[in-house]
1. Calculate the all-directions average of the projected area of the range B:1-52's alpha-carbon convex hull, and give it in nm².
2. So what is the relative contact order of the range A:2-76, in percent, for Cα pairs below 8 Å that sit 6 or more residues apart?
3. Would you work out the relative contact order for the range A:67-112, in percent, from Cα pairs under 8 angstrom that are 6 or more residues apart?
4. Taking 7 Å along the Cα-to-C-beta vector as the label spot, tell me the A:Gln156-A:Ala233 distance in nanometres, rounded to one decimal.
5. With label points built 7 Å along Cα→Cβ from the Cα atoms of B:Thr36 and A:Arg200, find their separation and express it in nm.
6. So for the pair A:Arg128, A:Leu46, with labels modelled 7 Å out along Cα→Cβ, what separation do we get in nm?
7. Evaluate peptide B:49-55: per residue, the Cβ atoms of other protein chains within 10 Å of its Cβ; return the mean as an integer.
8. What do the square roots of 5 times the Cα gyration tensor eigenvalues come to for the range A:67-112, in whole Å, largest first, as semi-axes of the equivalent ellipsoid?
Amino acid sequence: MRVVIASGKGGTGKTMVATNLAWLLAKIGLRTTYVDADVEAPNGHLFLHPVAVTSRRFSSPLPVLVGPLCSGCGACQRFCAFNAIVAAGDKVLVFPELCHGCGGCVEVCPESALHERPRESGTLLRGRAGRIGYQAGHLDVGEPRSAPLIEALLEQAPREGVVVVDAPPGTSCGAVAALRGADQVVLVTEPTPFGLHDLRLAVEMCRKLGCSPSVIVNRCDLGNDQVLTYLHAEAIAVLAEIPFDRQVSAAYARGELAATGHKPLREAMRAVVSKILVHDVDVDRAQPPGDLHRVKGVCP
Amino acid sequence: MSTRIAITVQRLGELEELMDSRFGRTPAFLLVEVGTRAVTAVDNPAAAAVQGAGTAAAASLAKRGVHAVISGRFGPKAHEALAALGVEMWTAPSGLTAREALDQYLAGGLQRVVVEVFR
């Protein structure tokens, strides 16, 4: 079962929720993997402190001109939907930041002058944090496209147990890539005008992808009640409302899992767990709490 | 053969149109035959591109046989593409009409963008 923790606005508490949720899921005996898909600013490791981390480089195919075969016909340029190729005389300029690696230019080149070579753009990591499996993607600095790395990261995620995905903020390609294949989508928001604005966008994104998100309202005692009014009007389930607490902030700043020592946060996470767990989860050796009930929400 | 230059403008029209300071996302180009001063206005096919507007706009100008382009700014990828395609880049201050930019260009009053390699 894959639970994706996403948000519209950044800084609402995705990583705080995802890491503490993973901790609680593992604590109650579920086989749990935390996947840091916020590949542009991954920081789940600051709280989970994974060990035995191994890494491998990630690359995707990039066309390169081989030999003096190019006739300058421009077929590659005309084919490229992403404007990543410019045919200039008998040269071909490839812009790696624009290329989506579809391979179409290589196929349409009548001279077979283009070949694909791997181009590195990030690192995939895996390790363990106690009973929690840890996986992450780190996008190289300066890389504009995160989706291919996120797709590869989710490809290697376990099929068993509970997988908690810490998604990137926003509603662009990276966030969409992180949502694909979700069984549950949880949006973390805050009750501010900015939070509401981006929450609306995130809800719209989820619905376009065919998922029904639920929401955690973090720092629920700050700001105004417009987020709750909106959620009520849209019939979106609120899994938990987490009040602002300086102790939680302090624990977070120390790189700790606040739920381990802070009962209100732990109870909030327990409420979330009880609402998101579904019956078909692999509960090998697990002692799931008795109050679990089923909430549906699938992102194809 | 006449020299053809392009000027980025805010909409299709004549030389009285205001320049657009963007290269890749400019709505339109005025193509000017320097010898005859004949003007042809063309849409920028890349204006609304999801990505790569600069490279696509550069390719479209090269295809039209443009020798030089006057704009406000050129992004790094547009710059690289235009340089490879042999199209000169000239920058004009903002707020000019196309005619003012053209006159300054012909009088040698505009700045040519020096070719740098970004990668």
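1. On the way: hull surface 15.1 nm².
With the hull built on Cα positions only, its mean projection is 3.8 nm².
2. Once divided by the residue count of the range A:2-76, the mean separation gives 19 percent.
3. Numbers: 58 pairs, mean separation 18.6, N = 46.
After rounding, I find 40 percent.
4. Distance between the two pseudo-spin positions: 4.4 nm.
5. 5.3
6. Rounded to a tenth, the inter-label distance reads 2.6 nm.
7. Numbers: counts 4, 4, 10, 11, 1, 4, 10.
If you average over the peptide's residues, the count of other-chain Cβ atoms is 6.
8. Those come to 16, 11, 9 Å.
Every number in this text was worked out from the coordinates using simple rules, so none of it is lab data. Predicted, not measured: the structure shown is a model, and the values here were computed from it. All Cβ positions, glycine included, derive from the backbone under ideal geometry; neighbour counts span all protein chains shown.
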